[in-house]
Amino acid sequence: MKKYKYKAVNLYGKKFNGIFLAENEKDLREQLAKQNLYLVSSRVASDKSPNAFFSATGKVTVDELSTFCRQFAIMLNSGTSIVDTLEILRSQAFSGFFKKTLDMVYEDVKAGLLLSEALNKHKKIFPDFFRSMVRVGEISGALDNVMVSVADYFESDSKMRAAIKSAMIYPIILIIMAIGIIVLLVVFVIPTFIDAFESIDVEMPQLTLTLYAISQWLTANWMMLVLILVVLIVLWMLFLRSTKGRYLWDKFKFHMPLVGGFIKNTISSRFCRSFSLLVSSGMDIVDAMDEVSVVLGNAYVAEQFKKATEDVRQGMTLTMALDSYKLFPTMLVQMISIGERTGELENVLGKSTSFFEAQAERSISSVTSVIQPVILLIIGGAVGLLFYAVYSPMLQIMNTL
């Protein structure tokens with residue numbers, strides 16, 4: 001069936017605009033006639049998502065999704081229909097990109113589609129996990145409760161991302177400062193001192209001459225360096241966008257010292273929250289595993305997790321499948337084993353979520369507590385070396401005098 005935008009009038013000449021699903025224009029005319037409406041004009045409506053060119057990410061933000069889910073659940077609990085809820089929400093203080101998307105979802109639901117079917121038309125905008133949860137809520141008849149749970153999930157995930165960004169700000173500032181200081185000394189300070197020393201015919205140490213040669217080369221070829229840097233950044237971004245590149249980079253991070261521990265704890269907390277949410281909503285374990293793989297946030301882990309899913313589908317227990325691929329901490333696998341034995345898997349994982357979130361936060365602190373002294377040590381060493389190269393000729397002059 002096609003989606004038509006139409007203009008119609010009733011017996012009293014009152015005009016109506018709307019969207020309707022019909023096989024063709026003849027079918028549309030007949031359907032409207034049953035409602036005492038007479039078709040004036042119609043055209044096939046586009047199902048394409050709104051243009052994301054002016055959007056920062058081309059997706060709805062986590063905060064917007066969380067707010068949307070929370071407000072959606074509140075209105076459903078109050079007895080508001082899904083169509084009326086969407087009509088109210090599309091006028092809320094969301095981004096223009098999200099509002100345009102909600103307009104299209106509203107029109108589709110109003111025309112007769114399920115909410116999950118309407119969301120599936122915008123797969124690049126709404127995450128797979130979110131669309132799956134909406135479908136589960138519709139099937140189970142508990143869409144309002146599912147929406148509350150999804151809002152909690154997105155809020156927790158947003159806090160975790162904010163904690164990561166906050167923890168990495170100081171190390172990044174230190175790195176930028178280090179690069180700035182080194183460039184300033186090599187490009188501007190050292191040449192000035194070298195010119196002064198040459199004018200008074202002072203023999204300079206080899207370190208100073210080497211740094212001076214580097215300074216001259218950087219000054220003469222800085223445009224080429226900038227071009228090379230831009231090319232490398234573009235190539236790196238293309239590499240990460242490729243399936244193979246993202247897989248290799250995520251695998252490298254997963255096995256890195258310090259960073260690997262943080263990634264494992266973060267993935268564990270996401271798995272616990274999302275998997276328990278799906279299972280408690282009535283989804284089968286294998287189907288839940290299929291859906292969870294898209295929210296783990298690591299291509300390597302997701303690929304291995306899919307293999308574990310196939311093992312469970314073939315009859316292996318969840319505990320054995322996860323233990324064989326070593327994707328999660330031993331403690332989590334043991335908790336899953338207890339949950340399977342007692343039949344309380346969703347409750348066990350739900351209670352484990354906060355523990356692994358706390359572990360992830362501790363891992364962030366551990367990583368930054370190691371990175372910061374290392375960066376400071378590198379800065380101190382580099383600046384000290386540069387100052388020695390500059391002042392050693394001055395010491396020679398003072399000793400000569």
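If I ask for residues that are closer than 19 Å to Met289 by Cα and surrounded by fewer than 23 Cβ atoms within 10 Å (Cβ to Cβ), which ones from the range 139-148 would you list? Spell out how you get there, then give the answer.
Of the residues in the range 139-148, the ones closer than 19 Å to Met289 by Cα are 139-140, 146.
Correct list: Ile139, Ser140.
Can you name the residue in the range 209-260 that is within 30 Å of Met394 (Cβ to Cβ) and of a type in the set (Val, Ile, Thr) and, of all such residues, is farthest from the chain's Cα centre (by Cα)?
The selected residue is Thr210.
How many residues does the range 270-318 hold that are modelled with pLDDT under 85, farther than 16 Å from Gly339 by Cα and of a type in the set (S, T, N, Q)?
2
What is the number of the single condition among (1) surrounded by fewer than 15 Cβ atoms within 10 Å (Cβ to Cβ); (2) assigned to a helix (DSSP H, G or I) that Tyr300 does not meet?
(1)
Which residue pairs have Cβ atoms under 8 Å apart, sit 6 or more places apart or on different chains, and have a first residue in the range 288-300 that is under 13 Å from Arg270 (Cα atoms) and touching a residue at least 12 places away in the same chain (Cβ under 8 Å) and a second that is charged (D, E, K, R) and surrounded by fewer than 19 Cβ atoms within 10 Å (Cβ to Cβ)?
Listed by first residue and then by second, the contacts come to Glu291/Asp128; Ser293/Lys306; Val294/Asp128; Val295/Asp128; Asn298/Lys253.
Evaluate the following for Tyr170: is it more than 24 Å from Val286 (Cα to Cα) and surrounded by fewer than 16 Cβ atoms within 10 Å (Cβ to Cβ)? If you could, list the steps in order and put the result at the bottom.
Working: more than 24 Å from Val286 (Cα to Cα): yes; surrounded by fewer than 16 Cβ atoms within 10 Å (Cβ to Cβ): yes.
When the stated conditions are applied, Tyr170 passes them.
Open to solvent by 50 Å² or more (accessible area, probe 1.4 Å), among the small types (Gly, Ala, Ser) and at pLDDT below 80, is that true of Ala45?
When the stated conditions are applied, Ala45 does not pass them.
Across the range 107-138, which residue is least open to solvent (accessible area, probe 1.4 Å) among those that are among the polar types (S, T, N, Q) and modelled with pLDDT of 80 or more? Step through it out loud before you land on a result.
So in the range 107-138, the residues among the polar types (S, T, N, Q) come out as 116, 120, 132.
Next cut, modelled with pLDDT of 80 or more only: 116, 120.
On the way: Ser116: 9, Asn120: 63 Å².
Per the criteria, the residue is Ser116.
Looking at (1) of a type outside the set (A, V, I, L, M); (2) modelled with pLDDT under 90; (3) over 28 Å from Gly245 (Cα atoms); (4) in a helix (DSSP H, G or I), find the lone condition where Ser366 falls short.
The failed condition is (3).
Looking only at residues in the range 125-156 that are assigned to a loop (DSSP other than H, G, I, E, B) and under 13 Å from the mean Cα position of the chain (by Cα), which one is farthest from Ile285 (Cα to Cα)?
Kept after step one, since they are assigned to a loop (DSSP other than H, G, I, E, B), are these residues of the range 125-156: 125-127, 141-142.
Restricting the remaining residues to those that are under 13 Å from the mean Cα position of the chain (by Cα) gives 125-127.
Details: Ile125: 26, Phe126: 23, Pro127: 20 Å.
By that ranking, first place goes to Ile125.
Among Ser242, Ser166, which is among the polar types (S, T, N, Q), out of contact with any Cys (no Cβ under 7 Å at 6 or more places or on another chain) and at pLDDT below 80?
Numbers: Ser242 fails: at pLDDT below 80.
Only one candidate passes the filter, namely Ser166.
Hey, can you tell me all the residues within the range 229-268 that are of a type in the set (Ser, Thr, Tyr), open to solvent by 40 Å² or more (accessible area, probe 1.4 Å) and either in contact (Cβ under 8 Å) with a residue 24 or more places away in the chain or over 21 Å from Ala302 (Cβ atoms) (or both)? Talk me through it step by step, then tell me what you get.
First pass over the range 229-268, keeping only residues of a type in the set (Ser, Thr, Tyr): 242-243, 247, 266, 268.
Of the ones still in play, those that are also open to solvent by 40 Å² or more (accessible area, probe 1.4 Å) are 242-243, 247.
Across the range 229-268, the qualifying residues are Thr243, Tyr247.
For the range 228-247, state whether one or more residues are touching a Leu at 6+ places or on another chain (Cβ under 7 Å), of a type outside the set (S, T, N, Q) and within 30 Å of Asp323 (Cα to Cα). Steps first, please.
Of all residues in the range 228-247, those touching a Leu at 6+ places or on another chain (Cβ under 7 Å) come to 246.
When the remaining residues are screened for being of a type outside the set (S, T, N, Q), the result is 246.
Narrowing the set further to residues that are within 30 Å of Asp323 (Cα to Cα) leaves 246.
Yes, the range 228-247 has at least one match.
Of all residues in the range 284-297, how many are surrounded by fewer than 20 Cβ atoms within 10 Å (Cβ to Cβ), under 14 Å from the mean Cα position of the chain (by Cα) and either farther than 18 Å from Lys253 by Cβ or among the hydrophobic types (A, V, I, L, M, F, W, C) (or both)?
The number of residues fulfilling the criteria is 1.
Tally time: how many residues in the range 89-105 are closer than 27 Å to Ala22 by Cβ, open to solvent by 10 Å² or more (accessible area, probe 1.4 Å) and part of a helix (DSSP H, G or I)? Spell out how you get there, then give the answer.
Pass one, the range 89-105, residues closer than 27 Å to Ala22 by Cβ: 89-90, 99-105.
Applying the additional criterion that residues be open to solvent by 10 Å² or more (accessible area, probe 1.4 Å) yields 90, 99-100, 103-104.
Keeping just the survivors that are part of a helix (DSSP H, G or I) gives 99-100, 103-104.
Count: 4.
Scan the range 274-281 and tell me whether some residue there is part of a helix (DSSP H, G or I), more than 29 Å from Ile364 (Cα to Cα) and open to solvent by 60 Å² or more (accessible area, probe 1.4 Å). Please lay out each step first, then the result.
The first filter runs over the range 274-281 and keeps only residues part of a helix (DSSP H, G or I), leaving 274-280.
Next cut, more than 29 Å from Ile364 (Cα to Cα) only: 279-280.
From the residues that got through so far, the ones that are open to solvent by 60 Å² or more (accessible area, probe 1.4 Å) too are 280.
So far as the range 274-281 goes, yes, one or more of its residues are part of a helix (DSSP H, G or I), more than 29 Å from Ile364 (Cα to Cα) and open to solvent by 60 Å² or more (accessible area, probe 1.4 Å).
How many residues does the range 360-381 contain that are more than 23 Å from the chain's Cα centre (by Cα) and touching a residue at least 40 places away in the same chain (Cβ under 8 Å)? Steps first, answer last, please.
First pass over the range 360-381, keeping only residues more than 23 Å from the chain's Cα centre (by Cα): 369-381.
Filter once more, keeping what is touching a residue at least 40 places away in the same chain (Cβ under 8 Å): 370-372, 375-376, 378-379.
So the count comes out to 7.
Return the only residue of Gly384, Gly339, Gly350 being open to solvent by 20 Å² or more (accessible area, probe 1.4 Å) and free of Cβ contacts under 8 Å to residues at least 24 places away in the same chain. Break it down stepwise before answering.
Values: Gly339 fails: open to solvent by 20 Å² or more (accessible area, probe 1.4 Å); Gly350 fails: free of Cβ contacts under 8 Å to residues at least 24 places away in the same chain.
One residue alone meets the criteria, Gly384.
Of everything in the range 217-228 that's of a type in the set (A, V, I, L, M, F, W, C) and open to solvent by less than 100 Å² (accessible area, probe 1.4 Å), which residue is nearest to Val186 (Cα to Cα)? Reasoning before the result, please.
To start, the set of residues in the range 217-228 that are of a type in the set (A, V, I, L, M, F, W, C) comprises 217-218, 220, 222-228.
Next, from what is left, pick out any that are open to solvent by less than 100 Å² (accessible area, probe 1.4 Å): 218, 220, 224-226, 228.
Working: Leu218: 9, Ala220: 13, Met224: 17, Leu225: 15, Val226: 16, Ile228: 20 Å.
So the residue we want is Leu218.
Select from the range 282-297 the residues that are assigned to a loop (DSSP other than H, G, I, E, B) and within 19 Å of Val134 (Cβ to Cβ) and list them in ascending order.
We begin by selecting, within the range 282-297, every residue assigned to a loop (DSSP other than H, G, I, E, B); these are 282-284, 296-297.
Those that are assigned to a loop (DSSP other than H, G, I, E, B) and within 19 Å of Val134 (Cβ to Cβ): Gly282, Met283, Asp284.
The values are calculated or read from the model by the stated rules, or taken from the named source; none is laboratory data. Note that the coordinates shown come from a computational prediction; the quantities given were computed from them, not determined experimentally. Quick reminder, even Gly has a Cβ in these numbers, built from the backbone with ideal geometry, and neighbours come from all protein chains shown. With ligands, DNA and RNA removed, areas are computed over all heavy atoms of the protein, side chains included. Shrake-Rupley method; radii C 1.70, N 1.55, O 1.52, S 1.80 Å.
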